[in-house]
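**Q** The structure that follows is given in the form of structure tokens.
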Amino acid sequence: MTVLEAARLRLRPMTDDDLGQMSALLGDSQVMRYYPAPKTRVEAQRWIDWNKRNYAEHGFGLWIMEDHHGNFIGDCGLTIQHVDGTAEVEVGYHVVTAHQGKGYATEAAQECLRFAADSGIERVIAIIDPANAPSQRVAEKAGLHLEKKATRNGREQLIFAITL
Ligand SMILES: CC(C)(COP(=O)(O)OP(=O)(O)OC[C@H]1O[C@@H](n2cnc3c(N)ncnc32)[C@H](O)[C@@H]1OP(=O)(O)O)[C@@H](O)C(=O)NCCC(=O)NCCS
């Protein structure tokens, strides 16, 4: 089932069958270099379970990003995150190293913002490590602007935001 479709890719719900590719993505130390640690296979399954709950509870979550031939590109989507005590809708993205730098995250993030606007969501943020230049660039290309700094899990993060 396709949730969103863009020129070069589509977003569809994550299922348990995606565990192999998701654990390779989230277990890659390059992809996870701004996270506390790469995820184990068990943690990748929890990630899938979390997103299945997100679809049921909110009608959105992180979706599988694939090209129109079905090749796995990564994940991208919307989740609820708490910043400074406020629940916010965040756009997030992870792209396999072989496909980084091709504009996929930007294309997917733009589709997610369109989905958010169509769903009546008025504000979307991105929580980004100050050293994560590619992610900041994606946020800016999708129309988000640096709004403030916030501390999450003991780490200083940049909060990018867009009003829809
Ligand atoms: C962030 C990420 C999803 C971007 O995916 P992508 O498909 O490569 O993104 P795009 O190709 O759409 O855009 C990347 C932009 O970052 C720029 N970029 C890449 N490396 C950069 C660097 N070291 N410094 C500055 N800009 C950089 C690219 O040039 C491009 O911008 P441009 O179009 O103006 O040239 C990908 O790098 C990734 O998966 N990183 C690891 C996971 C992660 O950090 N996720 C975000 C958590 S907040």
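The values are calculated or read from the model by the stated rules, or taken from the named source; none is laboratory data. The structure displayed is predicted, hence computed values, not measured ones. Ideal geometry is used to build each Cβ from the backbone, glycine not excepted, and the neighbour counts take in all protein chains shown. The accessibility values were calculated without ligands, DNA or RNA, using every heavy atom of the protein model including side chains. Shrake-Rupley method; radii C 1.70, N 1.55, O 1.52, S 1.80 Å.
**Q** If you take the residues in the stretch 107-164 that are within 15 Å of the ligand (Cβ to nearest atom) and on the phi > 0 side of the Ramachandran plot, which one is modelled with the highest pLDDT?
**A** 143
**Q** Restricting attention to the stretch 44-89, and to residues there that are of a type in the set (Asp, Glu) and surrounded by fewer than 16 Cβ atoms within 10 Å (Cβ to Cβ), which single residue is nearest to residue 111 (Cα to Cα)? Before the answer, list the steps.
**A** Within the stretch 44-89, the first condition is being of a type in the set (Asp, Glu), and the residues that meet it are 49, 57, 66-67, 75, 84, 88.
Filter once more, keeping what is surrounded by fewer than 16 Cβ atoms within 10 Å (Cβ to Cβ): 49, 57, 67, 84.
Values: 49: 23, 57: 21, 67: 14, 84: 27 Å.
Ranking the qualifying residues of the stretch 44-89, first place goes to 67.
**Q** If you check 8, 41, which single one turns out to be open to solvent by 10 Å² or more (accessible area, probe 1.4 Å) and within 12 Å of the ligand (Cβ to nearest atom)?
**A** Details: 41 fails: within 12 Å of the ligand (Cβ to nearest atom).
Step by step, each of 8, 41 is checked, and only 8 is open to solvent by 10 Å² or more (accessible area, probe 1.4 Å) and within 12 Å of the ligand (Cβ to nearest atom).
**Q** Then there is this: Applying the selection to the stretch 97-141, what residues are open to solvent by 60 Å² or more (accessible area, probe 1.4 Å) and closer than 14 Å to residue 9 by Cβ?
**A** Of everything in the stretch 97-141, those that are open to solvent by 60 Å² or more (accessible area, probe 1.4 Å) and closer than 14 Å to residue 9 by Cβ turn out to be 100, 102, 110, 114.
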